[in-house]
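Every read-out reported here was derived from the displayed coordinates using simple, explicitly stated rules and does not represent laboratory data. What you see is a predicted model; the values in this text were computed from it and never measured. Quick reminder, even Gly has a Cβ in these numbers, built from the backbone with ideal geometry, and neighbours come from all protein chains shown.
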Amino acid sequence: MSAHRADDPPLYFDFHVFVCVNRRPDGHPKGSCAARGSERLRDYMKVRAKQLGVPRARVNAAACLDRCEVGPCIVVYPEGIWYNVQNETDVDEVLQTHLLGGGRVTRLMLDLPPARD
Ligand code: FES
C-alpha cells in the first residue's frame, strides 16, 4: 500500500535517499555508520547519482536512523527499502538497480527489525 494519496501533490523527488552519517565516540557499544565509512559513501553516492543521470533523486545526509548495528545503512523512499552499503560497488548497485532500473538489490537489503513493544 502506498502512503501517497491520489489527491496529494505530486512527489517532489522520485527518490529520496537518506544516508546515516551519525558518529558516536570510539568504543560506543552500538557503533555508528560514520565510524564505518558512511560519510565517504554519502559523498560518493551524491556525485555518482549525478554522473549516472539519475533523474529527480535527492541524496541526503541523515542523523541516526536507529539501525546502528547493521550500518552503514541507507533508506530509499518512497518505497522505504533499507540497505546496508559497505563500499562504492554497493552504492553503484543501488543506484543502477533500484533508482535507475526499478529493481531491488536483495543481497544488500535489511530485513525488518523485530516488533517493538
Ligand atoms: S548510527 Fe547509523 S543508524 Fe544509528
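Residue-wise HN-Hα couplings along the stretch 55-62, as the Karplus relation 6.51 cos²θ - 1.76 cosθ + 1.60 with θ = phi - 60° gives them from phi, are x, 6, 10, 10, 10, 10, 6, 10 Hz; Gly and Pro carry x.
Expressed to the nearest 5 percent, the antiparallel share of DSSP beta bridges inside the chain is 60 percent. Each residue in Cys33, Cys73 was given a count of other beta-carbon atoms within 10 angstrom of its own, and listing them fewest first yields Cys73, Cys33.
Length available on full extension from Ala6 to Asp43: 0.36 nm per residue minus the Cα-Cα distance, which gives 9.9 nm. For the chain, Cys64, Cys68, Cys73 stand unpaired, since no other cysteine beta carbon lies under 4.7 Å from theirs.
Charged neighbours of Pro55, selected by a Cβ distance under 15 Å, balance to +4 (K, R count +1; D, E count -1). Shown is the FRET efficiency for Ala61 and Arg104, computed with R0 = 22 Å from the Cβ-Cβ distance and rounded to the nearest 0.05: 0.40. Remark: the stretch 72-86, residue by residue, has Karplus-estimated 3J(HN,Hα) of x, 10, 10, 9, 10, 10, x, 6, x, 8, 9, 10, 9, 10, 9 Hz, where x stands for each Gly or Pro and the curve is 6.51 cos²θ - 1.76 cosθ + 1.60 at θ = phi - 60°. The amide H of Val59, built 1.01 Å from its N in the peptide plane, has Val17 as neighbours under 5 Å, considering only residues 5 or more places off or on other chains.
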